[in-house]
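The values are calculated or read from the model by the stated rules, or taken from the named source; none is laboratory data. In this text, all values refer to a predicted model and were calculated from it rather than measured experimentally. Reconstructed Cβ throughout: ideal geometry from the backbone, glycine too, with neighbour counts over all protein chains shown.
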Amino acid sequence: MCPSLTLFDRSRPSSQIRSQTALIIRGGDIALWKVEAGKHGEQESRILEQNVVAIGWNDLGDLSNVKSYEELKKLFMETYPEKKPKTADNQAGQIWAFKARIQPDDWAAVPLMSRSAIAVGVVQSDYEYRRDLGEIVHHTRRVKWVRTDIPRTNFDQDLLYSLGPIMAVYQITRNDAENRVHRIVEGKRSQL
């Protein structure tokens, strides 16, 4: 991947995102993350209304003071002792990615279950534990939605596979996904 490909410059506030500004893609600063709105879309309306992305695993409680993956995995195993080791590794890894790896100004893509669309937003905050958004939304990050109505048909098949149901949270890196999604948000073809 050419390091001169551009999206936007992390030094600018998210409110000033313009298609002409710069991004050096990972090795660089900005990442694209798939974040599911619940296994069956049960968090969808709340996250869109409240301008957040969220994950489940609410039984874990507030993760604000969890400082390492090892600490999170121990808490996960204590909370969900019925989980098999590989499942625990996988799910704890997704939770850790949401809590610690996603950064402000990264992009979040949320496949919507209530309609055939993808919502895309710019992450505005670090991890926040919230009890004010109802029973199913506690682990959150604030986002500024760029678009909440992008038809799935605007995405090439490889991007749709990346946005599929395999995991709730993960970074999408293949085939220049960051720039292609940015082009789709602007109303252009993704150009694989």
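Specify the residue that is surrounded by the fewest Cβ atoms within 10 Å (Cβ to Cβ); the eligible residues are those in segment 60-96 that are in a loop (DSSP other than H, G, I, E, B) and basic (Lys, Arg). Outline the logic, then answer.
First, pick out the residues of segment 60-96 that are in a loop (DSSP other than H, G, I, E, B): 61-68, 80-84.
Keeping just the survivors that are basic (Lys, Arg) gives 67, 83-84.
Numbers: Lys67: 10, Lys83: 15, Lys84: 8.
Result: Lys84.
Condition check ((1) at pLDDT below 95; (2) of a type in the set (Lys, Arg); (3) touching a Phe, Trp or Tyr at 6+ places or on another chain (Cβ under 7 Å)) across all residues:
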{"site": "Met1", "(1), (2), (3)": "yes, no, no"}
{"site": "Asp29", "(1), (2), (3)": "yes, no, no"}
{"site": "Ser64", "(1), (2), (3)": "no, no, yes"}
{"site": "Lys74", "(1), (2), (3)": "no, yes, no"}
{"site": "Asn90", "(1), (2), (3)": "no, no, no"}
{"site": "Ala108", "(1), (2), (3)": "no, no, yes"}
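Between a first residue in segment 53-79 that is without any contact (Cβ under 8 Å) to a residue 24 or more places away in the chain and a second residue that is outside any loop (DSSP other than H, G, I, E, B) and of a type in the set (Ser, Thr, Tyr), which pairs have beta carbons less than 8 Å apart while being 6 or more apart in sequence or on different chains?
From residues that are without any contact (Cβ under 8 Å) to a residue 24 or more places away in the chain, the pairs are Asp59/Thr79.
Here's the yes/no breakdown for (1) under 15 Å from the mean Cα position of the chain (by Cα); (2) farther than 20 Å from Asp59 by Cα:
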residue	(1), (2)
Ile118	yes, yes
Arg131	no, no
Arg141	yes, no
Pro151	no, yes
Asp156	no, yes
Ser162	yes, yes
Pro165	yes, yes
Tyr170	yes, yes
Arg180	no, yes
